[in-house]
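Values in this text are rule-based calculations from the coordinates and carry no lab data. Because the structure is a prediction, the values reported are computed rather than measured. A quick note on method: Cβ atoms are made from the backbone with ideal geometry, for glycine too, and the neighbour counts reach across all protein chains shown.
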Amino acid sequence: MPFNSIFAWMMKKRIHQIDLFRMYPHEVQKEVFENLIEKGGQTEFGRLHGFGKIRSYKDFQKVPLQFYEDIQPSIDRAMNGEQAILWPTDTKWFAKSSGTTNAKSKLIPVSKESLEDCHYKGGKDLLAMYYHNHPNRKLYNGKHLIIGGSAQINHLSADSYFGDLSAIIVKNLPWWAEIRRTPSREIALMSEWQEKIERMAKSTIKQDVYIIAGVPSWTMVLANKVLEVSGKSNLKEVWPNLELFMHGGVSFEPYREQFKKLIPDPNMNYVETYNASEGFFGIQDQVNSDEMLLMLDYGVFFEFIPMSSFNGVDSTEVFSLEDVELGINYAIVISTNGGLWRYIMGDTIRFTSATPYRFKITGRTKSFINSFGEEVIVENTELAIAQACEKTGAQIKEYSVCPIFMEGGERGAHEWVVEFINEPSEMDRFNAVLDECLRGLNSDYDAKRHHNMVLDKPVINTVKSGTFDAWLKSINKLGGQNKVPRLSNDRVILEQILQIAEVQ
């Protein structure tokens, strides 16, 4: 079957549809809104909040904003087999969200509609845009290596399941995607990550891999294992036709230089996605820009809260897409075809363009440091540590930052714990460059660092290889889509990591 020809035809058709929502974003979002309200009116949540009387976005704003804790009782009921609670069609899958570091993960409902019209549509659109930007490619000649999580059966109901979103996607992939996916489902869905990485490497080194999809940190772990098993010096020697890495989950900046060494090919392409447990929201649609296009026809209605006035579910400034401004840091609020209504995800973005709507992820509503009025966000630290690595020849695997609080007459500071792949030759130089870059990126931080009046220079702790994985394992978060929290306003996480480091 001429898969490349058929797929290319499908992709060209979809590009036309994408161009429509680029040109008419507000009209497309209005249509999504109306469809969601009609569907939501058939649910217990919709009846409780008067969806039948909603005629406008202004009416919809009377529906309360929601955190996970607000809808968890409804999700628990759905997991126990009750239906039409949040979404009218049967919901049998629940995605473990990495948006929490608590022992118990969030479990996000995944409906048939959200799988097909959001998550899978996002995957197809990524390839459509890639084909559009790189004509005459033959991606269907080779294998697509997907580095996903594990899925477990939820025994609360005989016909209800939960697992990492990536595992749910793998278990339900359409045939056109499954025929080129590698490794086997048996390996892809293993829950023990150390054994899984070993088996993934051994099972794929003889295959002709064209695409890799995964979180950068875990992809690096697999890549290094592949090189160890194969005896090769880089991934192009293992997979000479490798041409595309589709990544997401964490910022790519701290890993960019490392991937250039793993894949020393100037023609290698990297495409970022914003694909969360709650939905697929953005795709990097331009070759020479790291901005992402906001995907507006996936059954997701977007709202935005300026972080300058963010007050959780009590926030009063909430805007639809047509009222957002460029350069403002916004918390994202979503209503979805999975049954989330006015749900505050916890992610923050900044729009870089409104024609069409493109954005960059800036961090988390709870992942920032503002203990001294410095308002440092993840976007700042990701760029700063990437520049520090570039200027000092260092390579990092993971990091986390928290405040050192003022005691007596002592100044405060930011304390970093960093796991390097290659340490800088001069740690003092690394520290100075990191501090200098942060000051250049964030005027509030710079003001607090001026003459060391409020903040002293950063304190950097280095830990042995494997420390962060050991910490994640200690809180039952190793593997899958789980991520290390970058920034905290308390010292709990950092102290836990340092305690693990003492026994490593």
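The mean sequence separation of alpha-carbon pairs under 8 Å and at least six residues apart, normalised by the residue count of the range 321-423, gives a relative contact order of 16 percent.
Excluding same-chain neighbours fewer than eight residues apart, the aspartates and glutamates reachable from K121 by a Cα-Cα span under 13 Å are E113, D297. Among E243, E317, the ranking by other beta carbons within 10 Å of each residue's beta carbon, starting with the fewest, stands as E317, E243. Straight-distance candidates among the lysines for linking to K473, with alpha-carbon spacing under 27 Å and chain neighbours fewer than 8 residues away dropped: K96, K104, K106, K171, K196, K202, K225, K366, K397, K464, K483.
Considering Cα pairs under 8 angstrom that are at least six residues apart, work out the relative contact order of the range 114-276 and quote it in whole percent. Please list the in-between numbers first.
On the way: 216 pairs, mean separation 32.4, N = 163.
Relative contact order here is 20 percent.
Let a ≥ b ≥ c be the square roots of the eigenvalues of the Cα gyration tensor of the range 33-88; is it rounded (a/c under 1.5), or, if not, prolate (a/b larger than b/c) or oblate? Oblate, because a/c is 1.5 or more while a/b does not exceed b/c.
I want the antiparallel fraction of DSSP beta bridges within the range 243-380, as a percent rounded to 5.
Antiparallel: roughly 85 percent of the beta bridges in the range 243-380.
Cross-link partners for K53 among the lysines, with Cα-Cα distance under 30 Å and sequence neighbours closer than 8 places in the same chain left out: K30, K39, K62, K92, K112. Can you give me the distance in nm between label points at T316 and V503, each placed 7 Å from the Cα along the Cα-to-Cβ direction? It works out to 5.0 nm between the two label points. Full extension of the chain between D59 and N489 gives 151.2 nm of extra length, using 0.36 nm per residue less the Cα-Cα distance.
In what sequence do S309, S251 fall when counting other Cβ within 10 Å, fewest first? The partial results should precede the final answer.
On the way: S309 11, S251 24.
Exposure proxy ranking, most exposed first: S309, S251.
When the GluC sites (Glu not before Pro) in the range 400-504 are filtered for DSSP coil states and for at most 14 other beta-carbon atoms within 10 Å of their beta-carbon, the remaining sites are E407, E410, E426. Sequence-distant contacts, meaning Cα pairs under 8 Å at least 6 residues apart, place the relative contact order of the chain at 14 percent.
So which GluC sites (Glu not before Pro) in the range 155-228 are both in a DSSP loop and have at most 13 other Cβ atoms within 10 Å of their Cβ?
Numbers: sites: E178, E186, E192, E195, E198, E228; in loops: E192.
Loop-located and lightly packed - E192.
To the nearest 0.05, what FRET efficiency results for E38 and S157 with a Förster distance of 35 Å applied to their C-beta separation? Intermediate results must be reported in sequence, preceding the final value.
Working: r = 27 Å, r/R0 = 0.78.
With a Förster radius of 35 Å, E is 0.80.
When both bridge partners sit in the chain, DSSP labels roughly 65% of those beta bridges antiparallel.
Over the C-alpha trace of the chain, radius of gyration and Dmax come out as 22.7, 74 angstrom.
Using just the helices of the chain, give the 222 nm mean residue ellipticity in deg cm²/dmol: DSSP H runs with n ≥ 4 each add -39,500 (n - 2.57), and the total is spread over all residues, rounded to 500.
-10500 deg cm²/dmol
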